[in-house]
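Here is the structure we will look at, set down as structure tokens.
The values are calculated or read from the model by the stated rules, or taken from the named source; none is laboratory data. Note that the structure is a prediction, hence the values are computed from the model and not measured. Using ideal geometry, Cβ is built from the backbone for each residue, glycine included, and neighbour counts are taken over all protein chains shown.
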Number of protein chains: 2
Amino acid sequence: MSRALLDVALVHAPVVNRRGEVIGSAVTNLDLHDIARACRTFGVGTYWVITPFFEQRKLAKQIISHWTDGYGKSANPDRGNALSLICLGKSLEEVIADTRAKWGQNMQVIATCAKPRPDTVDYRKMRSLIEQGQPGLLLFGTAWGLAPEVFAQVDATLPPLQATGDYNHLSVRSAASIILDRLLGDRG
Amino acid sequence: MSRALLDVALVHAPVVNRRGEVIGSAVTNLDLHDIARACRTFGVGTYWVITPFFEQRKLAKQIISHWTDGYGKSANPDRGNALSLICLGKSLEEVIADTRAKWGQNMQVIATCAKPRPDTVDYRKMRSLIEQGQPGLLLFGTAWGLAPEVFAQVDATLPPLQATGDYNHLSVRSAASIILDRLLGDRG
């Protein structure tokens, strides 16, 4: 499988809570595992986990090391294979700069959101751009989603999944898996 | 959104462990939440959680009740809305019989598997059948997947996701989310 020029970033700050206040959320074990496994399945380059909190990055590093270097490596090597895609980042600005340095100035930063946004790029169009070699960084928000200040830094936003429905509360693990399948998945 | 005639069942027994031995796995909180939220998003009728172990069904019931009747109902009503789709089942045989009684003898039992199987129905074909009103029960296995004896009871199996890739270790939460999107999702 050829690898797409697509990286993923899970943002823990700045995000919003249920009242719309800008907060930093906690890293969770399952977000590391499930999204790393989906990234590995669909050929994503790097899975960035972004948090400004040193202790949270330390915790994430300990979890990852268990599977890439510790006992987990021999007990379940497939898990380490996925978790080795994770890089820990301090801020979105730093991660965007690093990704642009890797892939060039034409790299696009694409947000995801459970609510409709302006400057939307639909899934078919984004899939086609990726197939043509467009490099991208795809952002997912934890808690109640990416903070408004994040949208000011992106080139476009993907539309909500199942916008025709009456329920828009997928877990970020589910949303990331579905969106990677829509952008990079085979067409069985 | 019109509701598809599709139910989902998460099977905790019989499944296989990493050595291929037939076991019963433990219910996990996140499998209840993430898959219920995906089922609710895509209009699934019932989300069956199947385990023969009374204590495991009791635990699942306590978790669900917290969100449908307890404190969680007022704190986050969207979560109860999703978890209310869950029915607890003792055995696959019982769940198949109940679902057939609900939807008639033409209901199809469809398995999912991370490895290629005979009697495959591809995603496009299954989506088309559902759109034409075919009722179905879609099975997902926990642990290392559904036991061989389960496949003897199904009408067909969906192909592995991303079969062209070199990594087939998605979480069941990710796989269920992607498969529901492929079968029922909008086409943005």
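Okay, here's what the table says:
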{"quantity": "Qualifying residue in the range B:74-89 (condition: touching a residue at least 60 places away in the same chain (Cβ under 8 Å) and under 19 Å from the mean Cα position of the chain (by Cα))", "calculated": "yes"}
{"quantity": "Selection status of A:Asp34, within 14 Å of chain B (Cβ to nearest Cβ), touching a Ser or Thr at 6+ places or on another chain (Cβ under 6 Å) and at negative phi", "calculated": "yes"}
{"quantity": "The range B:137-179, residues that are assigned to a helix (DSSP H, G or I) and closer than 26 Å to A:Asn81 by Cβ", "calculated": "B:Val172, B:Arg173, B:Ser174, B:Ala175, B:Ala176, B:Ser177, B:Ile178, B:Ile179"}
{"quantity": "Test: residue in the range A:27-45 that is in contact with a helix residue (DSSP H, G or I) (Cβ under 7 Å, 6 or more places away or on another chain), crowded, with 18+ Cβ neighbours inside 10 Å, among the aromatic types (Phe, Trp, Tyr) and free of Cβ contacts under 8 Å to residues at least 60 places away in the same chain", "calculated": "no"}
{"quantity": "Failed condition for A:Ile63, given (1) closer than 18 Å to A:Glu149 by Cβ; (2) hydrophobic (A, V, I, L, M, F, W, C); (3) buried (at least 16 other Cβ atoms within 10 Å of the Cβ)", "calculated": "(1)"}
{"quantity": "One residue from A:Leu138, A:Leu180 being in contact (Cβ under 8 Å) with a residue 12 or more places away in the chain, within 9 Å of chain B (Cβ to nearest Cβ), within 24 Å of A:Asp34 (Cα to Cα) and among the hydrophobic types (A, V, I, L, M, F, W, C)", "calculated": "A:Leu180"}
{"quantity": "Qualifying positions in the range A:10-49 - within 18 Å of A:Ser84 (Cβ to Cβ) and not in a helix (DSSP H, G or I)", "calculated": "A:Leu10, A:Val27, A:Gly43, A:Val44, A:Gly45, A:Thr46, A:Tyr47, A:Trp48, A:Val49"}
{"quantity": "Among residues of the range A:10-24, those that are crowded, with 21+ Cβ neighbours inside 10 Å and not hydrophobic (A, V, I, L, M, F, W, C), counted", "calculated": "1"}
{"quantity": "Of the criteria (1) crowded, with 18+ Cβ neighbours inside 10 Å; (2) in a helix (DSSP H, G or I), which one A:Asp7 fails", "calculated": "(2)"}
{"quantity": "Selected residue [surrounded by fewer than 21 Cβ atoms within 10 Å (Cβ to Cβ), modelled with pLDDT of 95 or more and at the interface with chain A (Cβ under 8 Å from one of its Cβ atoms)] from B:Pro148, B:Pro159", "calculated": "B:Pro159"}
{"quantity": "Residue match in the range A:41-53 (condition: touching a Lys or Arg at 6+ places or on another chain (Cβ under 8 Å), of a type in the set (Phe, Trp, Tyr) and either under 26 Å from B:Asn29 (Cβ atoms) or more than 13 Å from every other protein chain (Cβ to nearest Cβ) (or both))", "calculated": "no"}
{"quantity": "Any hit, the range A:57-78, residues being in a strand (DSSP E or B) and in contact with a strand residue (DSSP E or B) (Cβ under 6 Å, 6 or more places away or on another chain)", "calculated": "no"}
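The rows are residues; the columns are (1) more than 15 Å from the chain's Cα centre (by Cα); (2) modelled with pLDDT of 95 or more; (3) surrounded by 15 or more Cβ atoms within 10 Å (Cβ to Cβ); (4) among the hydroxyl-bearing types (Ser, Thr, Tyr).
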position	(1), (2), (3), (4)
B:Ala97	yes, yes, no, no
B:Arg100	yes, yes, yes, no
B:Asn168	yes, no, yes, no
B:Ala175	no, yes, yes, no
